[in-house]
């Protein structure tokens with residue numbers, strides 16, 4: 001089955017496992033994420049020393065290739081922003097802070113704007 005990914009939510013992260021988990025939950029709980037293949041999540045860990053990897057892999061296990069996790073072998077500081085964006089599979093990339101909580105139905109609104117324009 002061919003995927004129709006419209007939006008890659010690209011999350012650079014470093015030592016914010018607790019926030020990352022809340023951010024991811026605010027995305028994966030939305031109907032647009034659950035019921036379509038229009039949204040993917042890409043997480044790029046900047047060599048965290050907390051349980052960021054564990055949290056990210058938990059979401060990968062639940063949602064398969066709709067959530068992808070990568071980890072730098074060393075902290076590359078701000079270059080991690082560009083790196084995470086380079087792994088998005090869609091034309092539209094959203095750089096997403098690892099502490100940003102998405103409001104319910106925000107993905108519907110984002111995808112609607114993308115489709116209209």
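Rule-based calculations on the coordinates, nothing more; no lab input. Everything numeric here is computed off the predicted structure, so don't read it as measured data. Every residue, glycine as well, gets a Cβ built from its backbone with ideal geometry; the counts of neighbours run over all protein chains shown.
When 94, 3 are ordered from fewest to most other Cβ atoms inside 10 Å of their Cβ, what list results? In increasing order of surrounding Cβ atoms, one gets 3, 94.
Report the paramagnetic label zone for residue 103: residues of region 31-51 whose backbone N is under 18 Å from a point 7 Å from Cα along the Cα-to-Cβ axis. Counting backbone N atoms under 18 Å from the label point, the list is 31-33. Using Cα centres only, tell me the gap between region 93-107 and region 28-91 in whole Å. Computed from Cα coordinates, the inter-centre distance equals 13 Å. With neighbours defined as other Cβ atoms within 10 Å of a residue's Cβ, the residues 27, 111 order from fewest to most as 111, 27. Diffusion coefficient of the chain by Stokes-Einstein, Kirkwood radius over Cα pairs, 10 °C, 1.306 mPa s: 112 µm²/s. I need to check one value: relative contact order of region 7-116, counting alpha carbon pairs closer than 8 Å and at least 6 residues apart, in percent. Computed value for region 7-116: 42 percent relative contact order. For the chain, the longest principal axis of the Cα atoms and the long axis of helix 52-63 meet at an angle of about 30 degrees.
Dividing the summed -39500 (n - 2.57) terms of all DSSP H runs of n ≥ 4 by the residue count of the chain sets its mean residue ellipticity at 222 nm at -12000 deg cm²/dmol. Helix 17-28 versus the longest principal axis of the chain: what angle, 0 to 90°, nearest 10, using Cα atoms? Roughly 10 degrees between the two axes.
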